[in-house]
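The values are calculated or read from the model by the stated rules, or taken from the named source; none is laboratory data. Since the structure is predicted, the reported quantities are computational estimates derived from the model, not experimental observations. Note: ideal-geometry Cβ built from the backbone for every residue, glycine included; neighbour counts use all protein chains shown. For accessibility, only protein heavy atoms count, side chains too; no ligands or nucleic acids. Shrake-Rupley method; radii C 1.70, N 1.55, O 1.52, S 1.80 Å.
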Amino acid sequence: MQTIAGREDEQVILQKIIKSGEPELVVVYGRRRVGKTYLIRTVFEKQMAFEYSGVHNATLEQQLESFGEALSAAVGLPLAKPTSWVQAFKTLTNYLTPIIKRQRKVIFIDEFPWVSTPRSGFMQAFESFWNMWASRQKNLVVVICGSAAAWMIQKVINNRGGLHNRVTKKIRLLPFTLAETEQFLKNRKITLDRYQVLQLYMAMGGIPQYLKEVGKGESATQAIDRACFTKSGLLHEEFKHLFNSLFDGAGYHMAVIRALAKKGMGLSRNEIIEACKLTSGGGTTQLLEELTESGFITPYIPFDRTAKDCIYKLTDEYCLFYVKFIENSKITGVGAWEKFSAGASWKSWSGAAFESVCMKHTQQLKRALGIGNVHTETSVWRHRPKEGGEGTQIDLLIDRRDMCINVCEMKFTTDGYEISKSDAKELENKLMVFRTITQTRKTLFLTMVTTHGVKNTMQYAGLIQNEITMGALFK
């Protein structure tokens, strides 16, 4: 079997499915290019009896023709093109019946949402296939997969029709963590130090297909340059392809992404509606759910507030990078990223991107703080004075059951971070305003999370209670 970087929990689940001895209907979902197909093909390599992938924007006739070709390849004989999905699944049943009498087998339908188009009859035929035959076959595993995560949840996992409560296992495949990214690159014989890996992650996220763009002997800057700023680079035009392949009316989804890219502190639902000129109703709710389930944005409930007050943040690294630097950029070609790295826009982006990465690695931060087993809730907080004046925001609070709160301040620098007198005053004010407004009685620990550490920690030993460097994020 080929090597898989990370994905340990998912591999355990899939191995148990192979050995369960029960009919299984498995749903795997996650954003495009996150490695769903590779994981399924690799783990089920020896058991795979049939594989078919939906075709984006294809007609019913084209989908059926593609299905027929896939089945012909599996059987080893040319078969007539099925005229309907009912016939297609009947032919599949005839092919599988003698095979699964002898051994346990897997069938895999990839990009399921692309096949299930309106009035195609696909979903009804699949429901009948599962309920009337497949669910009775103890040697059969049916895996369905889709990149349109919200669609998979609404139409399959939460199905109220023929598939209601039929799914036996579900897996949401998330992007790699920093540790998995490091391992993935090592598996490809690419050796980079952690600062370089972190830079790649901040631009590309933990998306395996994007990380494949990194070549041996390339620095992070060179890889980003080639993948993002040359016309042949995978990530130069990926943004529009990505959203148009996932969502109907993708223009609205992209508008929300662009609005959030401008506001590192995040936006409330009402602020998003205003910024994108959306209507306040079910359509906006669905749009935000689709972006959330696909992993592009994340809702955070502010400290001491309820879900209705949640703040949405852009948490897909590539999308932030694209809007900031690739879209509408006049700087392209070799050396483009190096030019950007010297500008003010790079500094604001790197700070926001590093904060986002830290917020995805709160379990690693907790372990570094020695509170891995303490119950915590993570949140954000912002305060806007009613009568003008500067507001205050905290991008990460780790609220602990042991009556303490870690107030995390995240700083990305190319060298050690040095706290100035004005920085110290701002941090002290932030703690004071937070305590005054929230009236919390918990102990506040100012926690600095930096790339290379704080140079002058001892000068502000009474202010800084914890210090974490980027190495902890890779644990």
Exercise for review: Mind listing whichever residues of region 188-225 are in contact (Cβ under 8 Å) with a residue 60 or more places away in the chain and either touching a strand residue (DSSP E or B) at 6+ places or on another chain (Cβ under 7 Å) or basic (K, R) (or both)?
Suggested key: R194
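Conditions tested, residue by residue: (1) over 26 Å from K169 (Cβ atoms); (2) modelled with pLDDT of 95 or more; (3) touching an Asp or Glu at 6+ places or on another chain (Cβ under 7 Å).
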| position | (1), (2), (3) |
| --- | --- |
| R7 | no, no, no |
| V27 | no, yes, no |
| R33 | no, no, no |
| L60 | yes, yes, no |
| F67 | no, yes, no |
Exercise for review: Give the number of residues within region 395-409 that are in a strand (DSSP E or B) and either in contact (Cβ under 8 Å) with a residue 60 or more places away in the chain or surrounded by fewer than 17 Cβ atoms within 10 Å (Cβ to Cβ) (or both).
Suggested key: 4
Review point. Restricting region 236-277 to residues that are aromatic (F, W, Y) and closer than 15 Å to R32 by Cα, which is most open to solvent (accessible area, probe 1.4 Å)?
Key: F247
Point to revise | Filter result (basic (K, R), out of contact with any strand residue (DSSP E or B) (no Cβ under 7 Å at 6 or more places or on another chain) and at pLDDT below 95) within region 361-400 | key: R384, K386
Review point. Name the pairs: first residue in region 277-289 and among the hydrophobic types (A, V, I, L, M, F, W, C), second residue open to solvent by 50 Å² or more (accessible area, probe 1.4 Å), Cβ to Cβ under 8 Å, at least 6 apart or on different chains?
Key: L278/Y252; L287/Y252; L288/R269; L288/P299
Review point. Residues in region 415-430 that are closer than 18 Å to I468 by Cβ and either among the hydrophobic types (A, V, I, L, M, F, W, C) or open to solvent by 80 Å² or more (accessible area, probe 1.4 Å) (or both): how many?
Key: 4
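Conditions (1) more than 26 Å from A203 (Cα to Cα); (2) out of contact with any Ser or Thr (no Cβ under 6 Å at 6 or more places or on another chain); (3) of a type outside the set (S, T, N, Q), marked per residue:
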| site | (1), (2), (3) |
| --- | --- |
| Y322 | no, yes, yes |
| G351 | no, yes, yes |
| R384 | yes, yes, yes |
| C404 | yes, no, yes |
Review point. Among (1) open to solvent by 30 Å² or more (accessible area, probe 1.4 Å); (2) hydroxyl-bearing (S, T, Y); (3) at pLDDT 95 or above, where does T447 come up short?
Key: (1)
Point to revise | Residue under evaluation W130, criteria (1) in contact (Cβ under 8 Å) with a residue 24 or more places away in the chain; (2) farther than 15 Å from V55 by Cβ; (3) surrounded by 15 or more Cβ atoms within 10 Å (Cβ to Cβ); (4) out of contact with any Lys or Arg (no Cβ under 8 Å at 6 or more places or on another chain), criterion not met | key: (4)
Practice item. Return only the number of the condition from (1) out of contact with any strand residue (DSSP E or B) (no Cβ under 9 Å at 6 or more places or on another chain); (2) farther than 16 Å from V26 by Cα; (3) part of a helix (DSSP H, G or I) that E127 does not satisfy. Key: (2)
Check your understanding: For A73, all conditions in the list (1) of a type in the set (G, A, S); (2) open to solvent by less than 70 Å² (accessible area, probe 1.4 Å); (3) out of contact with any Asp or Glu (no Cβ under 7 Å at 6 or more places or on another chain) hold save one; what is the number of the exception?
Key -> (2)
Practice item. Mind counting the residues in region 450-463 that are at pLDDT below 95 and either outside any loop (DSSP other than H, G, I, E, B) or of a type in the set (S, T, Y) (or both)? Key: 4
Check your understanding: What tally of residues in region 83-113 results from selecting those that are touching a residue at least 24 places away in the same chain (Cβ under 8 Å), open to solvent by less than 60 Å² (accessible area, probe 1.4 Å) and not acidic (D, E)?
Key -> 18
Point to revise | Meets criteria (in contact with a helix residue (DSSP H, G or I) (Cβ under 9 Å, 6 or more places away or on another chain), among the β-branched types (V, I, T), in contact (Cβ under 8 Å) with a residue 12 or more places away in the chain and open to solvent by less than 10 Å² (accessible area, probe 1.4 Å)) for V167 | key: no
